[in-house]
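One structure is given below, encoded as C-alpha cells.
The values are calculated or read from the model by the stated rules, or taken from the named source; none is laboratory data. All values reported here derive from a predicted model rather than from experimental measurement. Methodologically, a virtual Cβ is constructed for each residue, glycine included, from the backbone with ideal geometry; neighbour enumeration extends over all protein chains shown. Only protein heavy atoms, including side chains, enter the accessible area calculation; ligands, DNA and RNA are left aside. Shrake-Rupley method; radii C 1.70, N 1.55, O 1.52, S 1.80 Å.
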Amino acid sequence: MFAYVDEFGNISDTPPTQPYKFKEEDLIRPADLEDEYLYGKVSYYNEDGHYGFIRDNLSRETVYFNDKLAGMVLTVNQKVKYKYIRTKQGNQVSEIELQP
C-alpha cells in the first residue's frame, strides 16, 4: 500500500494530479529570531532575589533575567528592547536596552 502526502500535509491513497510548484517565498530562509530585537516590558521583578521576567509584546512569552545578565536594575512595567537565548532552564536574556 502506498500513501501520498499533498502540499497541505493531507494523506491520501491516490497520487496528486498536479506536481507542487514552488513559489519564491517558499525558498527564502526565515530570519533568525536571535538576530532581531524583541520588544516587551518587565512583568515581574523580585527585589530580594534580583531577578524577574520580561513579557514579550507580540507573543506574550516570558523571558528570565537577573541584574547581572541585564547589567542594570529594572523595575516593573519598564519597557525594554531585548534579545534572548534558549537554555536548559528556559528563555534567558542575552542583551537588553531600555526603551523611552
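If you filter the range 76-97 down to residues that are in a loop (DSSP other than H, G, I, E, B) and touching a residue at least 12 places away in the same chain (Cβ under 8 Å), you find that the one that is nearest to ASN46 (Cα to Cα) is VAL76. Taking the conditions (1) in contact (Cβ under 8 Å) with a residue 40 or more places away in the chain; (2) part of a loop (DSSP other than H, G, I, E, B) in turn, VAL73 satisfies each one other than (1).
Can you find even one residue in the range 13-34 that is in a loop (DSSP other than H, G, I, E, B), open to solvent by 50 Å² or more (accessible area, probe 1.4 Å) and in contact (Cβ under 8 Å) with a residue 24 or more places away in the chain? Among the residues of the range 13-34, not one is in a loop (DSSP other than H, G, I, E, B), open to solvent by 50 Å² or more (accessible area, probe 1.4 Å) and in contact (Cβ under 8 Å) with a residue 24 or more places away in the chain, which makes the answer no.
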